[in-house]
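Presented below is the structure to which this report refers.
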């Protein structure tokens, strides 16, 4: 073994030792002061005792239809295998009979008259919903309404006596690093408490209206629908999902913020369904190249690609407008606009700030109720046509739209533009997502129907010294702007 080198330390005087002790004492006091200022809890026992009576276990049962196993074997009477196949068929018939499937989850009471919040996926398709309280009492719940978009459901139980309940807190005031406590029914173990901190805020997973709080408090299967509390005992989130390769908690859990949940719950309680604002535009994010093509100072806002009949069209919003503010709130991207519009009251008149042709305009829009757009299928590959006027421009083979192409693309007889027949795979157009079957309806924010018009718009952009060129295309009925590079 090699000897360890130890440096020589001279002995210290009594004065030096006293100074060192004083320094350590001050450091300890300072550390305690920091801990006190951060309000680090010594225990969550009081909080757990306070909120547990309002948290519930949820058990659902669903009737699952039997599965048809296909053709049945025919066995001659008296065959040595007759008994074997009879047993086999009996077991197969058992599998075809309807059966009951059960699931476990969590929830919490939000009013003394029995309203309960949980996740939609906990009770989805359930025939029967049973609620178990911390006291051991059980009641059957009825479904008031659900919102699959935020995965929230509202239930109701009837009780002869007032039920203990918890209140929602303001998730907007929660900060990364704050202590939080999750309570629920993980893995069917019953009322369990776990603690951690807020790891991140405003997380989006896959939903349009996502606003998740990320936490390292242990959340497992069965915790779904349970509450996430702050240290004041207020619900600031509904535990919804985990990120885990194993299916168990690895410290990355997600709770839908109370800011979203409270609005959904209020609407489910009043209407039995959600009622979200509808602006009536199709939009896309403003990328750096789109901002350059539109001569915008910043790549922010929501670029309007289409304005069907509806609130925005009535208010004068046009394709090509960039929405930068909605009802007094700055808009960074499309996700933010969709979320803010959806959370705005139906029928409310709001001011919308747009940038159009380099100038700012304010328009007043009365919101409708959100509707889903319907798409029309478009073939991926166009059939070849002889004597079709076409040309290769910016890596795209484009052709004039005629009746035959209208039929192939499923377009209305009044549709106009140029059809993309092919896109070179090494082109900027291919990289930006253009494909055969796309319809170019605008170039340089002007409508086009001829190949020469497209070339003229490109030449104008180059002469103006622009590095990119903006086109409006339609695919399967959906419009979007694409900025192609003019360099190289």
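The values are calculated or read from the model by the stated rules, or taken from the named source; none is laboratory data. Because the structure is predicted, anything quoted here is derived from the model rather than measured. Please note: Cβ atoms are built from the backbone with ideal geometry, for glycine as well, and neighbour counts cover all protein chains shown.
Across region 144-185, what is the total count of residues that are free of Cβ contacts under 8 Å to residues at least 40 places away in the same chain and either within 17 Å of residue 226 (Cα to Cα) or touching a helix residue (DSSP H, G or I) at 6+ places or on another chain (Cβ under 6 Å) (or both)? Please lay out each step first, then the result.
At the first step, the residues of region 144-185 found to be free of Cβ contacts under 8 Å to residues at least 40 places away in the same chain are 148, 160-161, 173, 175-177.
If we keep only those that are either within 17 Å of residue 226 (Cα to Cα) or touching a helix residue (DSSP H, G or I) at 6+ places or on another chain (Cβ under 6 Å) (or both) as well, we get 148.
The total comes to 1.
Against the definition (in contact with a strand residue (DSSP E or B) (Cβ under 8 Å, 6 or more places away or on another chain), within 27 Å of residue 148 (Cα to Cα) and outside any loop (DSSP other than H, G, I, E, B)), how does residue 303 come out, yes or no? If you could, list the steps in order and put the result at the bottom.
Values: in contact with a strand residue (DSSP E or B) (Cβ under 8 Å, 6 or more places away or on another chain): yes; within 27 Å of residue 148 (Cα to Cα): no; outside any loop (DSSP other than H, G, I, E, B): yes.
Answer is no for this residue.
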Looking at the structure I just gave you, is residue 480 within 30 Å of the chain's Cα centre (by Cα) and not in a loop (DSSP other than H, G, I, E, B)? yes
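Among the candidates 412, 428, 422, which residue alone is in contact (Cβ under 8 Å) with a residue 40 or more places away in the chain and assigned by TED's automatic domain parsing to the domain that holds residue 481? Before you say what the answer is, go through the steps one by one.
Values: 412 fails: in contact (Cβ under 8 Å) with a residue 40 or more places away in the chain; 422 fails: in contact (Cβ under 8 Å) with a residue 40 or more places away in the chain.
Within the list 412, 428, 422, the selection yields 428.
Taking the criterion of being assigned by TED's automatic domain parsing to the domain that holds residue 297, in a loop (DSSP other than H, G, I, E, B), modelled with pLDDT of 85 or more and touching a strand residue (DSSP E or B) at 6+ places or on another chain (Cβ under 6 Å), would at least one residue in region 346-365 satisfy it? So that I can check it myself, show each step before the final result.
Filtering region 346-365 for residues assigned by TED's automatic domain parsing to the domain that holds residue 297 gives 346-365.
If we keep only those that are in a loop (DSSP other than H, G, I, E, B) too, we end up with 346-348, 357-358.
The next check asks that each one be modelled with pLDDT of 85 or more; those that pass are 346-348, 357-358.
Then keep just the ones that are touching a strand residue (DSSP E or B) at 6+ places or on another chain (Cβ under 6 Å); that gives 346.
Checked against the condition, which is being assigned by TED's automatic domain parsing to the domain that holds residue 297, in a loop (DSSP other than H, G, I, E, B), modelled with pLDDT of 85 or more and touching a strand residue (DSSP E or B) at 6+ places or on another chain (Cβ under 6 Å), region 346-365 yields at least one hit.
Each row is one residue, and each column tells you yes or no for (1) more than 23 Å from residue 457 (Cβ to Cβ); (2) at pLDDT 90 or above; (3) surrounded by 15 or more Cβ atoms within 10 Å (Cβ to Cβ); (4) not assigned by TED's automatic domain parsing to the domain that holds residue 204.
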position: 288; (1), (2), (3), (4): no, no, no, yes
position: 303; (1), (2), (3), (4): no, yes, yes, yes
position: 331; (1), (2), (3), (4): yes, yes, yes, yes
position: 334; (1), (2), (3), (4): yes, no, yes, yes
position: 338; (1), (2), (3), (4): yes, no, yes, yes
position: 342; (1), (2), (3), (4): yes, no, yes, yes
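With the requirement that a residue be in a loop (DSSP other than H, G, I, E, B), under 18 Å from residue 44 (Cβ atoms) and modelled with pLDDT of 90 or more, what does region 224-265 give you? Give the steps one after another, and end with the answer.
Restricting attention to region 224-265, the residues satisfying the condition of being in a loop (DSSP other than H, G, I, E, B) are 224-226, 230-234, 243-252.
Then drop every residue that is not under 18 Å from residue 44 (Cβ atoms), which leaves 226, 230-234, 249, 251.
Selection gives 226, 230, 231, 232, 233, 234.
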In region 438-454, what residues are surrounded by fewer than 22 Cβ atoms within 10 Å (Cβ to Cβ) and in a loop (DSSP other than H, G, I, E, B)? 444, 445, 449, 450
Out of 231, 262, I need the residue that is under 20 Å from residue 155 (Cβ atoms) and either without any contact (Cβ under 8 Å) to a residue 12 or more places away in the chain or touching a strand residue (DSSP E or B) at 6+ places or on another chain (Cβ under 6 Å) (or both). Which one? 262
When restricted to 135, 159, the only residue assigned to a loop (DSSP other than H, G, I, E, B), in contact with a strand residue (DSSP E or B) (Cβ under 7 Å, 6 or more places away or on another chain), over 19 Å from residue 211 (Cα atoms) and assigned by TED's automatic domain parsing to the domain that holds residue 228 is 159
